[in-house]
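Following: one structure in structure tokens, then a few remarks.
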Amino acid sequence: MSFSPVPPEIKPVAHLMKLAAEHDTRNVVVAYWARMAACRLALKMVPGPKSPQFSAFLGEILDWLEQTKQQNRDNDGITSETAAQAIIEEYALNVFNHAEQQDAAEIFNKNTVKSFYTASMLFDVLEQFGFSEGNHEKQKYGKWKAAYIHNCLKNGEKPQPGPPNSGAEENQMVHISELPEEEQQRLLEEKRRLQEELDRKKRQEDEEREQLNRLNSFGNITLGDNDPANPSNVTGYPPLPNQNNSNAGFTFPKLSPESPNIPQQPGSVTPVAPTTPQVPVQPTTYNLPTTTNYGTPGGSQVSLTADQIQKAQKYSKYATSALNYDDVKTAVENLQKALNLLQFGKE
């Protein structure tokens, strides 16, 4: 199956799609979970409204995933995430170890670069399951080593085997512009996400600090010990200000229980402004048809074909996938399509 070009807004998933294409005939488990990782990364990058090109591209991946899963029902590497993680991790470590052996033997060529880079992309796929710190270090080292050897070969220099030496790190640094395009995009996107997270945490800290300053601006607030309404003796309640204690650091203004006398002329009536009842604001809800509404307007049952039922199931799965990433709008749209098929036999 051929896929549409990767939309520009999710360019960093291109390396995952390329890895999957390389393993379609060699290792279906790697191909399946590489496209699954691409799908998850794409939804994470664009959580809100999506372009038609994005939606079409994502639909192609989801269709392929569903078809491949049905064709490989007996393959634990497809049906079980635990088995898939073990299979891909073993494969990634084998590729990484082979690249290190080539590096130690000072065999520096395009195949060595390819081995390091492929190993690092396999660790990218493993990220969706979560992996150990050791694998995370191999992921970073594989990307660096692939770029380093590639840069040396391009410049006619002899690469040094092993990790960077303590006295020569500066000469072995690789600029981001010398990395493959998809890796540049991935690193830039990762940098953007990290910056957004730092900005979000800073805003949260500033808001908490401002709230604390506002509380501190009230000064010391005390209550009378003999006040029967004072809840300070009850465990779990903070002390509250008391308007009856004249020695308190903060007092409420005392209001007279009697209304002031307003002189009126004989026979005059003081107009009273009518009060407007407060109508509570109701939360926005999605009105979905209930089971009693299924069928045609006349109440007759719609006869559905097998293709229509399969389409409704597909839209339901799309909705479930969207909810996994808090995309309520897309979930509602797909559920509505499924319900229209079940009710009226058409989208």
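The values are calculated or read from the model by the stated rules, or taken from the named source; none is laboratory data. Because the structure is a prediction, the values reported are computed rather than measured. The accessibility values were calculated without ligands, DNA or RNA, using every heavy atom of the protein model including side chains. Shrake-Rupley method; radii C 1.70, N 1.55, O 1.52, S 1.80 Å.
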Next on the checklist: How large is the accessible surface of Arg203 in square angstrom, using a 1.4 angstrom probe and rounding to the nearest 10?
Outcome noted: 140
Checklist entry - What's the center-to-center distance, using Cα atoms, between the stretch 316-347 and the stretch 67-114 in Å? => result 35
Next on the checklist: Using only alpha-carbon positions, what ratio does the radius of gyration of the stretch 1-79 give when scaled by 2.2 N^0.38 Å?
Outcome noted: 1.07
Checklist entry - Using a 1.4 Å probe, how large is the accessible area of Asp326, given in Å² and rounded to the nearest 10? => result 130
Checklist entry - Which entries in the list Lys11/Lys201; Lys143/Lys317; Lys145/Lys191; Lys69/Lys138; Lys44/Lys110 go over 25 Å, if you measure between the two C-alpha atoms of each? => result Lys11/Lys201; Lys143/Lys317; Lys69/Lys138; Lys44/Lys110
